[in-house]
Structure formats: C-alpha cells, structure tokens
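As structure tokens, the structure follows; a few thoughts come after it.
The values are calculated or read from the model by the stated rules, or taken from the named source; none is laboratory data. This one's a predicted model, so the numbers in the text were calculated from it and none came from an experiment. All Cβ positions, even for glycine, are placed from backbone atoms using ideal geometry, and neighbour counts span all protein chains on display.
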Amino acid sequence: MLDRVFQTENYPRPFSFNRDVANVFDDMAVRSIPFYQEVQSCITAWAEAYSKEESTIYDIGCSTGTTLALLCQDIPWHLDLIGVDSSQAMLDNAEAKLAPFRIKNRVSLQCQNALDMKFQDASMIICNFTLQFIPVRERFTLLQKIFSGLKSGGLLFLSEKIRSAVPAFQETQTYIYESFKRKNGYSQNEIERKKESLDNVLVPLTLTEQYDLLERAGFSTVDIVLKWHSFVSIVALK
C-alpha cells in the first residue's frame with residue numbers, strides 16, 4: 001500500500017508505529033531509507049556467515065517481518081528466529097508475511113519493549129533502524145543486554161540514522177536526504193510534516209557517540225559495512 005500518511009493534517013503527532021503507519025510501512029521504508037534493500041541483503045549475507053543449523057537470531061524492531069522473511073528465504077539451514085516489536089499492528093502484518101516460512105523455521109513474534117526482553121544464546125541480533133527510537137538514556141542499557149545475550153563470537157548488526165558533528169555537514173546531509181525523498185515521490189509538505197512528527201522521537205547520535213556506546217557495552221570489534229551520508233550499518237562482534 002502506498003504511503004500517504006503525511007499527505008493530510010491527520011498524521012500522527014508525535015510519530016508512532018500505529019495501524020496507519022504499519023499498513024504502509026513497507027512502502028515507507030523503501031522510499032524513506034536509502035539503500036534499504038541493500039541493507040537487507042547485507043543482513044542476510046552476514047547472517048549466513050555467522051549462523052549455522054538451528055542458530056538463534058533476534059530481530060529487534062522487526063516491524064512487518066521483511067528481514068525475518070528474507071532470512072527464511074535466503075539462509076539454507078534451519079533457524080530459530082525471534083522477532084520483537086512494541087507495535088502489535090506491525091506484528092499483525094508480520095504474521096501474514098511469515099506464515100509461508102514457518103514449516104522450515106521456528107519463527108516467533110513477541111510484542112514487547114526491547115528493554116524488557118531477555119536475549120540469550122544468540123548467534124546474531126539485528127537492530128535495524130530501531131535503536132534510534134529508544135530514549136538516548138536507555139540505549140546503553142539495551143546494548144548491554146544485547147551483548148550479554150550473544151554467544152561468544154556472536155554478531156550485532158546495527159543500522160542507524162546518524163548526525164554529523166559538523167553543523168555545515170549536517171545541513172548538507174539534510175538537504176541531500178530531503179532530495180532523496182522528493183525523488184521518491186514525497187512532497188515537501190509531507191517531508192516537513194514527518195520531520196515535525198519525528199522531532200524528539202527519532203534522536204540520532206554522531207558516529208563517534210555510537211561507537212562509544214558500543215565499546216562501553218563490550219563490543220571491541222566494530223566496523224562499518226554500509227554508509228550513505230547520514231545512514232550507516234555497523235557490525236559489532238562479541
């Protein structure tokens with residue numbers, strides 16, 4: 001379904017992953033997140049490298065289940081997949097998307113805040129454009145829980161929107177990103193409304209701040225696998 005959430009005055013204030021957003025989320029993600037499909041391909045490639053038969057993989061903020069479905073489709077062995085999301089509307093859509101794959105894999109969906117989860121024995125934990133929605137003061141706690149829940153040699157795949165520490169660069173990156181959204185069919189009105197809706201909901205860190213959080217949580221081996229201006233995907237090894 002085409003994303004028209006911000007075409008009228010009835011858009012969510014503040015932004016939330018409600019039923020209206022959930023129903024158009026797949027279109028919203030592709031048109032709003034640069035290289036979204038390439039990020040998904042990266043996730044499955046790293047999952048294949050860091051999992052084996054019956055590995056456990058968590059997807060925090062699994063939304064409509066796109067990543068979980070791709071893991072089921074692309075990884076040749078049996079996986080124990082656990083999707084976590086605080087939006088029941090998102091999980092309702094994920095249920096339908098994942099139904100065809102449940103014969104091959106164990107797939108469970110849990111509606112709860114990631115901070116309330118206990119992660120354990122995971123070969124990989126995915127946090128794809130999710131940490132940015134967690135209150136800044138709670139992100140370190142979640143990363144600690146993720147680190148504790150990974151096996152030795154387990155992998156965190158983290159994608160985030162970041163901001164530049166250089167104000168002039170941040171202004172340029174904002175312009176480039178808004179141009180990207182206009183090219184994908186969003187009007188300037190829609191862009192401004194969504195920006196206002198996301199204010200104080202999506203709070204990006206600088207790349208240095210993100211690295212510092214990961215290292216303090218225990219991840220000493222960290223690298224970037226994909227970056228586009230203010231969007232980055234990072235792998236971190238336990």
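Cβ separations smaller than 8 Å between residues 6+ apart or across chains give the following pairs from the range 177-191 residues that are within 11 Å of PRO34 (Cα to Cα) and at pLDDT 95 or above to residues that are part of a loop (DSSP other than H, G, I, E, B) and of a type outside the set (Ser, Thr, Tyr): TYR177/PRO34; TYR177/HIS229; PHE180/PRO34.
The set of residues from the range 150-191 being crowded, with 19+ Cβ neighbours inside 10 Å and among the small types (Gly, Ala, Ser) comprises GLY154, SER159.
Note on the range 36-120: enclosed helices (runs of 4 or more DSSP H) holding 2 or more residues that are in contact (Cβ under 8 Å) with a residue 60 or more places away in the chain and within 18 Å of ASP26 (Cβ to Cβ) are 36-50, 88-98.
Listed by first and then second residue, the pairs with beta-carbon distance under 6 Å, at least 6 apart or on different chains, first residue in the range 203-225 and touching a residue at least 40 places away in the same chain (Cβ under 8 Å), second part of a strand (DSSP E or B) and not basic (Lys, Arg), are PRO204/ILE162; LEU207/ILE162; LEU214/VAL222; LEU214/ALA236; PHE219/ALA236; VAL225/SER233; VAL225/VAL235. Condition first: among the aromatic types (Phe, Trp, Tyr), within 26 Å of GLN7 (Cβ to Cβ), in contact with a strand residue (DSSP E or B) (Cβ under 9 Å, 6 or more places away or on another chain) and crowded, with 22+ Cβ neighbours inside 10 Å. Now tell me which residues in the range 19-74 satisfy that. Answer for the range 19-74, where residues must be among the aromatic types (Phe, Trp, Tyr), within 26 Å of GLN7 (Cβ to Cβ), in contact with a strand residue (DSSP E or B) (Cβ under 9 Å, 6 or more places away or on another chain) and crowded, with 22+ Cβ neighbours inside 10 Å: there is none.
If the condition is being more than 22 Å from ILE134 (Cβ to Cβ) and of a type in the set (A, V, I, L, M), then the range 6-40 contributes VAL24, VAL30.
Taking the range 192-208 as the range and being surrounded by 13 or more Cβ atoms within 10 Å (Cβ to Cβ), assigned to a helix (DSSP H, G or I) and within 20 Å of the chain's Cα centre (by Cα) as the test, the residues that pass are LYS194, LYS195, SER197, LEU198, LEU207.
Of all residue pairs spaced 6 or more apart or on separate chains, those with beta-carbon atoms under 8 Å, a first member in the range 137-155 that is within 18 Å of VAL235 (Cβ to Cβ) and a second member that is of a type in the set (Val, Ile, Thr) and not in a strand (DSSP E or B) are LEU142/ILE134.
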